[in-house]
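**Student:** Let me begin by handing over the structure; questions about it come next.
A short reminder: the numbers here are calculations on the coordinates, not readings from a lab. What you see is a predicted model, and the numbers here were worked out from it, not measured in a lab. Quick reminder, even Gly has a Cβ in these numbers, built from the backbone with ideal geometry, and neighbours come from all protein chains shown.
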Amino acid sequence: MNLDFKKIELFAVTIYSLSSLALFIILAPLISIFLITDLETIDKILISDYRYTAQVYSAFTITLEASVIATTILLLIGIPLGYLLSKFEFRGKEAIEAIIDLPLLTPHIVAGIMILSAFGRRGIQGIFGFGGVEDSLTGIILVMMFVSLPIMVDTVKAGFNSIDIKYEYIARSLGANRFNVFKDITLPLAKNSILAGYILAWARGVSEVGALLIVAYYPKSINILIYEWFMVYGLKYAAALSVVLLSLFILIFASIRVLTR
Amino acid sequence: MIEIRDIEVVIKGFKLEIDYIDIRDGEYMIVMGPSGVGKTIFLHTIAGFIRPDEGRIYIDGVDVTRLPPEERNISIVPEDYGLFPHMNVYENISYGLKIRGYSSREIINKVTKISQYLEINDLLHKMPSHLSAGEKQRVAIARALIIDPKILLLDEPLKSLDPRLHIKAISYLKNLREKLRFTALHVTHNIIEAFYLGDRISYLSDGRLVGTYTLKEFIDSEYGEEYIKGIRELSKMI
């Protein structure tokens, strides 16, 4: 829609104003955090002061390791689950869909308590004597998987749903069984949705902090470190580390947009 | 020969009943009837995409009613041709052979032969999005015929062509059919297509197959009369 100032419609003005407000809500904090951060502090936490750099690089490594493992496992289980929910009709399907979306509605702290009770000393670990999620990399991975699973499954399922059923029909009439159709037709056609699911689930996992505070404060992941610095050193250092994290996110998302254009 | 006996399909409250129809080897059967009468459901039932609630489908005397689509050797060309968008023309045409385990040499030979036949040999490396409607139609037919199906199901394959291309495509299909003598079941609303291509016409009305006619019988039937009347009225208007 082109805004013609000679005939300004109330409708168009309303749309533009409300859209600007929506953008402002995101842009104001984003710009502000960059404005209050000075390069000297960034230099200190990333390069020159070992007291900070050691913590930062360790937290980034742990976050990256846990998030990649969590999202990759989610990909392997999310694709079959998304496919099942997209292509099969069975009793209890709606209930399963509701259960999958539960982490989206669960308060993060509550999610942490749930994970701890299921997989911690009072849960699977206590019963079977193996595992151990408290203050461990496994705990971080589990938390990331729990909060990201709905995003992965819903995005992949939407991708499978968007494929016209005729392609699968034609492939079968040409001699392909269900597995071949999945491999040769459905999966390649849902490629973009699967990639989107991976990126969104990864981003969701990396951004989690509430459940991590309960399950795995240690080893410190990047959000826990930001939280701790905010409590110990105040806004200055927490904002500087946040800017580094945000810049990385922006860089990754911009690169993916360019690569998949 | 394809034999259909007492088929009943119920989908979301819609019921399709086909009491009896035989499609002989090499025959070009037209399926006509008003919109929403179940013509596509009929094709999908034969192809095995829909399992009938009642009745039997036989191919050369073998009961295929419970067989999955991949075991029936029936190919289909939908209205918009349904070329796999992520595969080029060569990959589209060769897909059925690849899945059947043909060697690369055999695949190349067969694709080359059929693409020369259908005059699409210069399109083999193009993606479907770069093809015209007429080219897509030829590629879809090549992909369907290369597996040497027992029957080719055509679901309004000429509908999306403009009038000039439409006439050309009818004549093209006619020539192709005369050369290759394949068995076909062709759904259409177009009486010209039906008369030019068909050996017989099956007519569906209110979810039932009301009859199978020779072209002459169809003109004399109440359903044929409606079409002829429509054409007369149209010519008066022009």
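**Student:** Would you check if B:ARG56 is more than 10 Å from chain A (Cβ to nearest Cβ) and either assigned to a loop (DSSP other than H, G, I, E, B) or among the aromatic types (Phe, Trp, Tyr) (or both)? Step through it out loud before you land on a result.
**Tutor:** Details: more than 10 Å from chain A (Cβ to nearest Cβ): yes; either assigned to a loop (DSSP other than H, G, I, E, B) or among the aromatic types (Phe, Trp, Tyr) (or both): no.
The answer is no for B:ARG56.
**Student:** Do we have any residue at all in the stretch B:22-39 that's within 14 Å of chain A (Cβ to nearest Cβ) and in contact (Cβ under 8 Å) with a residue 40 or more places away in the chain? Even if it seems obvious, please write down each step before you answer.
**Tutor:** Filtering the stretch B:22-39 down to residues within 14 Å of chain A (Cβ to nearest Cβ) leaves none.
No, the conditions are met nowhere in the stretch B:22-39.
**Student:** Could you grab me the full set of residues in the stretch B:63-84 that are part of a loop (DSSP other than H, G, I, E, B), within 18 Å of B:ILE50 (Cβ to Cβ), in contact (Cβ under 8 Å) with a residue 24 or more places away in the chain and not polar (S, T, N, Q)?
**Tutor:** Step one: of the stretch B:63-84, the residues part of a loop (DSSP other than H, G, I, E, B) are B:64-68, B:72-73, B:78-84.
Subsequent filtering for residues that are within 18 Å of B:ILE50 (Cβ to Cβ) retains B:64-68, B:72-73, B:78-79, B:82.
In the following step, the residues that additionally are in contact (Cβ under 8 Å) with a residue 24 or more places away in the chain were identified as B:72-73, B:78-79, B:82.
Hits for the stretch B:63-84 are B:ARG72, B:PRO78, B:GLU79, B:GLY82.
**Student:** Return the residues of the stretch A:173-217 that are more than 9 Å from chain B (Cβ to nearest Cβ), farther than 20 Å from A:ARG257 by Cβ and outside any helix (DSSP H, G or I); say none if nothing qualifies.
**Tutor:** Within the stretch A:173-217, A:GLU208, A:VAL209, A:ALA216, A:TYR217 meet the criteria.
**Student:** Can you list the strands (runs of 3 or more DSSP E) lying wholly within the stretch B:175-238 that have 1 or more residues being surrounded by fewer than 18 Cβ atoms within 10 Å (Cβ to Cβ)?
**Tutor:** Values: elements: B:184-187, B:200-205, B:208-214.
Filter on the stretch B:175-238 gives B:200-205, B:208-214.
**Student:** State which residue pairs qualify: first residue without any contact (Cβ under 8 Å) to a residue 24 or more places away in the chain and inside the stretch A:55-72, second residue part of a helix (DSSP H, G or I) in any location, beta carbons under 9 Å apart, and separation of 6 or more residues or different chains.
**Tutor:** From residues that are without any contact (Cβ under 8 Å) to a residue 24 or more places away in the chain, the pairs are A:TYR57/A:LEU46; A:LEU64/A:VAL206; A:LEU64/A:ILE222; A:THR72/A:TYR198.
**Student:** Assess whether A:ARG122 counts as being surrounded by fewer than 21 Cβ atoms within 10 Å (Cβ to Cβ), over 14 Å from the mean Cα position of the chain (by Cα), within 24 Å of A:LYS220 (Cα to Cα) and basic (Lys, Arg). Spell out the reasoning first.
**Tutor:** Numbers: surrounded by fewer than 21 Cβ atoms within 10 Å (Cβ to Cβ): yes; over 14 Å from the mean Cα position of the chain (by Cα): yes; within 24 Å of A:LYS220 (Cα to Cα): yes; basic (Lys, Arg): yes.
Judged against the criteria, A:ARG122 is a match.
**Student:** Also, quick follow-up: Output the number of the condition that A:ALA211 fails; it satisfies all remaining conditions of (1) closer than 23 Å to A:MET114 by Cα; (2) surrounded by fewer than 19 Cβ atoms within 10 Å (Cβ to Cβ).
**Tutor:** Against the list (1) closer than 23 Å to A:MET114 by Cα; (2) surrounded by fewer than 19 Cβ atoms within 10 Å (Cβ to Cβ), A:ALA211 comes up short only on (2).
**Student:** Sticking with this one: Looking at A:ARG91, is it in a helix (DSSP H, G or I) and of a type in the set (Lys, Arg)?
**Tutor:** Values: in a helix (DSSP H, G or I): no; of a type in the set (Lys, Arg): yes.
Criteria not met by A:ARG91.
**Student:** Look through the stretch B:115-149, keep the residues that are β-branched (Val, Ile, Thr) and not in a helix (DSSP H, G or I), and return whichever of them is farthest from B:ASN175 (Cα to Cα).
**Tutor:** Filtering the stretch B:115-149 for residues β-branched (Val, Ile, Thr) gives B:120, B:139, B:141, B:146-147.
If we keep only those that are not in a helix (DSSP H, G or I) as well, we get B:120, B:146-147.
Numbers: B:ILE120: 16, B:ILE146: 17, B:ILE147: 20 Å.
Checking each candidate, the answer is B:ILE147.
**Student:** Do you know which residues across the stretch A:212-261 are polar (S, T, N, Q), in contact (Cβ under 8 Å) with a residue 60 or more places away in the chain and over 28 Å from A:VAL133 (Cβ atoms)?
**Tutor:** Looking only at the stretch A:212-261, we keep the residues that are polar (S, T, N, Q), and these are A:221, A:223, A:242, A:247, A:255, A:260.
Still in the running and in contact (Cβ under 8 Å) with a residue 60 or more places away in the chain: A:221, A:223, A:242, A:260.
A:THR260 - this is the single residue of the stretch A:212-261 that is polar (S, T, N, Q), in contact (Cβ under 8 Å) with a residue 60 or more places away in the chain and over 28 Å from A:VAL133 (Cβ atoms).
**Student:** If B:ILE76 passes every condition in (1) away from chain A (no Cβ under 13 Å); (2) within 19 Å of the chain's Cα centre (by Cα); (3) of a type in the set (A, V, I, L, M) but one, which one does it miss?
**Tutor:** Failing condition for B:ILE76: (1).
**Student:** Okay, next question. Can you tell me which residue within the stretch B:85-114, out of those that are part of a helix (DSSP H, G or I) and aromatic (Phe, Trp, Tyr), is nearest to the other protein chains (Cβ to nearest Cβ)? Talk me through it step by step, then tell me what you get.
**Tutor:** Pass one, the stretch B:85-114, residues part of a helix (DSSP H, G or I): B:89-99, B:104-114.
Retained after the next criterion (residues that are aromatic (Phe, Trp, Tyr)): B:90, B:95.
Numbers: B:TYR90: 15, B:TYR95: 6 Å.
That would be B:TYR95.
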